[in-house]
Structures are given as structure tokens and as C-alpha cells.
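What follows is one structure encoded as C-alpha cells, with my remarks underneath.
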Amino acid sequence: MIAFPAGTTEVADRPLAPPQNGAMVRPHGRLLPLRVGTRGSPLALWQTRDFLARITCFCPVLRNARAFEEHVIATSGDLIQDRALAEVGGKGLFAKEIHEALLDRRIDFAVHSLKDLETALPPGIVLACTLRREDPRDALLLGAGYEAAVDPAHPFDALPHGALIGTSSARRQAQLLHARPDLRVALMRGNVQTRLGKLARGEVSATLLALAGLKRLGLEAEADIAIDAECMVPAACQGIVGVTVREDDAELRELLAAIEDPVARAVSSAERALLAALDGSCRTPIGGHAVPLPGGRLRLTGLVARTDGSFLLRRTIEGGWRDAVALGCDLGDSLRRDSPADLFC
């Protein structure tokens, strides 16, 4: 057994109960608590605590120990709210300070909304685990006084002519304006509660949010309609939680592998490969959505567009789960080849 300093807890050196997926995890000896890095928004904290609940179910010796310690880390993406992400460094700003803490060994692992994680991770950091995907669709939320019935087949028809829509997503803006060029778009950033408050105060006529976040926060009733992914292609990895660790931490990587959802790994691998092939920035509206099919196959849809909606290209391909990365690369290459070069500048 390893000698632990005073004030720490010992993980017993005995076999763990088999996880539900049948995998076995070797016994580990670690200093506790394990330190988990997270952003401080209500959604980020919900996702972190849900992840910790899952891992303690798979590792019974952690269940009754004070095994985990949350470390809330303010990121540049959270602190800068008055400018679009593309102007200040892209969505990697939601993980920059967290990954600095990971590399400095101030935390042991970090929990993220995978759609906010940069495609190319910093050297020394790996994506060790992806959790089961929540509903990946976008939701349309209408402001007070908009009582028009929403047709699921034509959700944007509920918006009045010239309505002001609040969003910070180039992807959502492009698809919205492609369908309804008469609409206006205003930058609206902040966490879910902040955006709901702005909508309630009438600062915008409507907004679009990830349905997964609303569900996780118990706010699904705020959505007037969940927009079918065939109507609005979701962001790559929307609804998936990912966990990053140091590449050299073999013990934690093995433990996290035991709770990984294989479907989430397959679809996220395809979608992240699509992003990598397109090499787009936050200025480039990109959508990616993979769906598991019977027989171990995937259907992957990709989209690129102009922010003003004047150009939009969407394509779908199918292939095997084992070819998820190749599918994403092939579809990304196809979309890039047939799109205006200035989309990717």
C-alpha cells in the first residue's frame, strides 16, 4: 500500500466491482481527493456533478470516501461577454485556463461541454472519456407576446417579419438567415439563465439554445419547440460531455475508459474529425451531426455556410463505426472542396 500524507484518503488496493459495460478496472492507489476542474456556470457544475455521480457508481471504493474536490476555474470565454468569441480567440477560450491548471497539476482532470472544446488539444492533454449524449437538437424560445403556433415542420414561421433574434452562434445565425433573410440578429452571450433573462426582459424577440442544456437544468419547458436536426444541423458534439486528463496519467485514463459511452465516442469522433478537416474558426458556421444506425453504422451530416445565410452547403454520408474518423475527414474534405475559399480564412 502507498503511504498517504495526513489529511488525504486512501483508495483501497482491492478489485473493483465490474462496470456495467463489462470492462474491468485494475485497482489503483491514488491520493484523494482527486481534483476536478470545471467552469462555474450552473450548467457546467451540473455536468461535473453528474459525471462524478457516474464515476462513483463504477468505482465503489470511491463512493463513501471524500474522493473528489471541485475546482471552479474562471475562463476567458466566461469573463469576456461583450464580444463575439471569434474576435477574442475562439471557443478554445472556454478551456484555456482549465487546461493550464491541468498541465500545472493543480487539477487531475476536467469536465467540459465537448462542443466547446477545441479540436486540437494542447500537447500533453487527451480526451479520455465521452459520456452518453443528451438530445443534440437546438431549441427555439419565443419572447413574451409571441403567441403564434409553432409548426414543427416550419419552426421559423412563428417569428414575425424583421424579428430580432439573440444568439452568439454563427452556425445558428447562418441557418436562421438562410431560411428567413428578413430576420435580424443581435449578439447575445452568457450562460443559460442570463440568456433567458434577456429574453424575458424583451431585449430580443426570440433566441436559440441547446436543448441538452435546458434539459439538464430542468428548463426544458422554456423551449417553444425542439428544432429537428434535419431543419437545423446541430453543433458538432452538442449534448456530449467530455473529460480531459494529462496524457501521462495512465491510471485515470484507464478508470475513465470504464465509463465511456461507445456511441458517444463514435459520433463525437466523426464530428470532431469533420471539424478538423474543415479547419474552420468561430467565424465559420459549421454544423456536424452523427447518428448511429443499425448494423454498426453511422450517418454523418455536415454543413458549412456564410454567416449572413447567403451560402449554405449540406451533405450526408454513411459508414461503419470503426471508420468514424475517416467519415468525418472525407465529408469535411468534400464540403471544403465545394465551398468558397473565403469561408475558411
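The values are calculated or read from the model by the stated rules, or taken from the named source; none is laboratory data. These numbers were taken from a predicted model, which means no experiment stands behind them. Cβ coordinates were reconstructed from backbone atoms using ideal geometry, including for glycine residues, and neighbour counts include every protein chain displayed. Please note that ligands, DNA and RNA were not included when accessible areas were found on the heavy atoms of the full protein model with its side chains. Shrake-Rupley method; radii C 1.70, N 1.55, O 1.52, S 1.80 Å.
For this structure, a couple of remarks:
- Subtracting the Cα-Cα distance of ALA74 and SER310 from 0.36 nm times their residue separation leaves 81.3 nm of extension gain.
- Net charge contributed by nearby residues that have their C-beta within less than 10 Å of VAL204 (K/R +1, D/E -1): +3
- Sparsely packed loop sites in segment 164-253 (the trypsin sites (Lys or Arg not before Pro) outside DSSP H, G, I, E and B with at most 14 other Cβ atoms within 10 Å) comprise ARG201.
- Sites GLU254 and THR194, calculated FRET efficiency, Cβ-Cβ separation with R0 35 Å, nearest 0.05: 0.35
- If you take the Cα centroid of segment 154-175 and the Cα centroid of segment 319-343, the two points sit 27 Å apart.
- With each label modelled as a point 7 angstrom along the Cα→C-beta vector, the ARG337-ARG283 pair spans 2.6 nm.
- Shape box of segment 192-337 [Cα atoms, principal axes, largest first, Å]: 49, 40, 31
- Rough spin-label spacing in nm, given labels placed 7 Å along Cα→Cβ, for GLU203 and ALA153: 3.7 nm
- Rolling a 1.4 Å probe over the heavy atoms of the protein chains gives segment 191-345 an accessible area of 40 Å² per residue.
- Relative protection proxy for 259-267, 229-237, 293-301, from highest mean packing down: 229-237, 259-267, 293-301 (other beta-carbon atoms within 10 angstrom).
- Percent accessible area from carbon and sulfur atoms, segment 257-330, protein chains only, probe 1.4 Å: 52 percent
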